[in-house]
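For reference, the structure is listed below as structure tokens.
The values are calculated or read from the model by the stated rules, or taken from the named source; none is laboratory data. Given the structure is predicted, the values throughout are model-derived calculations rather than measurements. Every residue, glycine as well, gets a Cβ built from its backbone with ideal geometry; the counts of neighbours run over all protein chains shown.
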Amino acid sequence: MFKIIHYRDKCIGCYACVEIAPDRWRISKKDGRCTLVGSKIKKGIYQVDAFDEELEDNKRAAASCPVNIIKINGK
């Protein structure tokens, strides 16, 4: 397993993460920002433990984020 960390308050809603890893990312209809599916918020930072099968897609999602607000820890 690995952890995905998302600094959602800095999201610009570009949709790149949703295109690359749609099982883990969604666009919020409320504010147009990306949402990390299954995450818990802690001190304004969203985090979720994800399965190894999701690693490559989420690494690509993090790399494609134009504001660098997606981090992958543990792998």
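Scan segment 33-64 residue by residue and report those that are more than 9 Å from the chain's Cα centre (by Cα) and within 12 Å of Lys10 (Cα to Cα).
Arg33, Gly44, Ile45
Mind listing whichever residues of segment 37-54 are without any contact (Cβ under 8 Å) to a residue 40 or more places away in the chain, of a type outside the set (Asp, Glu) and either outside any strand (DSSP E or B) or on the phi > 0 side of the Ramachandran plot (or both)?
Of everything in segment 37-54, those that are without any contact (Cβ under 8 Å) to a residue 40 or more places away in the chain, of a type outside the set (Asp, Glu) and either outside any strand (DSSP E or B) or on the phi > 0 side of the Ramachandran plot (or both) turn out to be Val37, Gly38, Ser39, Lys43, Gly44.
Tell me whether segment 3-24 contains one or more residues that are among the aromatic types (Phe, Trp, Tyr), crowded, with 19+ Cβ neighbours inside 10 Å and at pLDDT 95 or above. Before the answer, list the steps.
At the first step, the residues of segment 3-24 found to be among the aromatic types (Phe, Trp, Tyr) are 7, 15.
From what is left, the residues that are crowded, with 19+ Cβ neighbours inside 10 Å are none.
No.
When residues of segment 65-75 are filtered for being within 14 Å of Cys14 (Cα to Cα) and touching a strand residue (DSSP E or B) at 6+ places or on another chain (Cβ under 8 Å), how many remain?
The initial filter retains those residues of segment 65-75 that are within 14 Å of Cys14 (Cα to Cα), namely 65-70.
Now drop any that are not touching a strand residue (DSSP E or B) at 6+ places or on another chain (Cβ under 8 Å), which leaves 69-70.
Count: 2.
Name the pairs: first residue in segment 55-66 and of a type in the set (Gly, Ala, Ser), second residue part of a loop (DSSP other than H, G, I, E, B), Cβ to Cβ under 7 Å, at least 6 apart or on different chains?
Ala61/Ala21
Of all residues in segment 34-75 being buried (at least 16 other Cβ atoms within 10 Å of the Cβ) and among the charged types (D, E, K, R), which is farthest from Phe2 (Cα to Cα)?
Restricting to residues being buried (at least 16 other Cβ atoms within 10 Å of the Cβ) and among the charged types (D, E, K, R), the top hit is Asp57.
Quick check on Ile20: is it touching a residue at least 60 places away in the same chain (Cβ under 8 Å), within 14 Å of Asp57 (Cα to Cα) and out of contact with any Gly (no Cβ under 6 Å at 6 or more places or on another chain)? Steps first, answer last, please.
Details: touching a residue at least 60 places away in the same chain (Cβ under 8 Å): no; within 14 Å of Asp57 (Cα to Cα): yes; out of contact with any Gly (no Cβ under 6 Å at 6 or more places or on another chain): yes.
So Ile20 fails the test.
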